[in-house]
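Asker: Starting off with a structure, shown below.
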Amino acid sequence: DRVVNVIAAYKLLNQAGMVLDFGTATTFDVMDDKGNYKGGIIAPGVNLSLKALYEAAAQLSRVPIKNPGKVVGDTTKKAMQSGIYYGYACMIEGLIEKIEREMKVPMKVIATGGLAPLYAKEIKRIDIVSETLTLDGLLEIYKRNT
């Protein structure tokens, strides 16, 4: 799905960019200005990290993933939500910046996956949210091969 996403992203952007996929893993897939897949990053997914947190800590329970409204939580629930929401947003922003420095070119960012709309509200570097990116990539591959 990672290469398929890059094919769809390049069709949309026609320039260097990256796909940020909020799935079981949070992945970054990078393409150059010709649409060539250059590589990426695989980090634990948001839901997976939250699950590990509440399953490993006896006193913590599952909380919904949402913007808690402020960074410093004044309850355990809000502190966990802050860690998951703002922690991932900051990680993603930092990695986008590092990828651009390494690639030496500004990049557009397309986000996909279930949590993409939520995080796009916080991460201003997300240019496009696509709920159908993988399907669009599969369609493009089909068209190229028929």
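Asker: Which angle between 0 and 90 degrees, to the nearest 10, do you get for helix 2-13 versus the longest principal axis of the chain when only C-alpha atoms count?
Answerer: 70
Asker: I would also like to ask the following. Go ahead and collect, in residue order, the members of region 89-126 whose backbone nitrogen is under 18 Å from a label point 7 Å along the Cα-Cβ direction of TYR37.
Answerer: Residues passing the 18 Å test: 110-113.
Asker: Another question, if that's okay. Using a 1.4 Å probe on the protein chains only, how many percent of the accessible area of region 1-122 belongs to carbon and sulfur? The partial results should precede the final answer.
Answerer: Values: 3490 of 6360 Å².
Percent of accessible area from carbon and sulfur atoms in region 1-122: 55.
Asker: Let me ask another. Using label points projected 7 Å from each Cα along Cα→Cβ, tell me how many nm separate LYS124 and GLU140, to one decimal.
Answerer: 2.8
Asker: Which of LEU13, LEU48, LEU115 ends up with the largest GNM mean-square fluctuation for the chain, with Cα atoms connected below 10 Å?
Answerer: Of the options given, LEU48 has the highest mean-square fluctuation.
Asker: Still on this model: Take every Cα pair under 8 Å in the chain that's 6+ residues apart, average their separations, divide by the length, and report that relative contact order as a whole percent. Don't skip to the end; give the middle numbers.
Answerer: Numbers: 230 pairs, mean separation 39.3, N = 146.
This gives 27 percent for the chain.
Asker: Which value in deg cm²/dmol, rounded to the nearest 500, describes the helix-derived mean residue ellipticity at 222 nm for the chain, given -39,500 (n - 2.57) per DSSP H run of n ≥ 4 and division by the residue count? Write out the running numbers ahead of the final one.
Answerer: Working: 5 runs with 68 residues, N = 146.
So the helix-based figure for the chain works out to -15000 deg cm²/dmol.
Asker: What is the Cα centroid distance between region 1-70 and region 106-146, reported in whole angstrom?
Answerer: 11
Asker: Need one number: nm distance between label points at LYS98 and THR76, each 7 Å from Cα along Cα→Cβ, rounded to one decimal.
Answerer: 3.2
Asker: By how many degrees, 0 to 90 and rounded to 10, does the Cα axis of helix 46-56 deviate from the longest principal axis of the chain?
Answerer: 30
Asker: Lysine pairs in region 62-146 with Cα distance under 15 Å, only those 8 or more apart or on different chains: how many are there? Provide the component values of the computation, followed by the final result.
Answerer: Values: LYS66/LYS77; LYS66/LYS78; LYS66/LYS121; LYS70/LYS78; LYS70/LYS121; LYS98/LYS108; LYS108/LYS124.
For region 62-146, qualifying lysine pairs total 7.
The values are calculated or read from the model by the stated rules, or taken from the named source; none is laboratory data. Please read all numbers here as calculations on a predicted model, not as lab measurements. Note that we place each Cβ from the backbone using ideal geometry, even for glycine, and neighbour counts take in every protein chain shown. Keep in mind that these areas ignore ligands, DNA and RNA; they rest on the heavy atoms of the full protein, side chains included. Shrake-Rupley method; radii C 1.70, N 1.55, O 1.52, S 1.80 Å.
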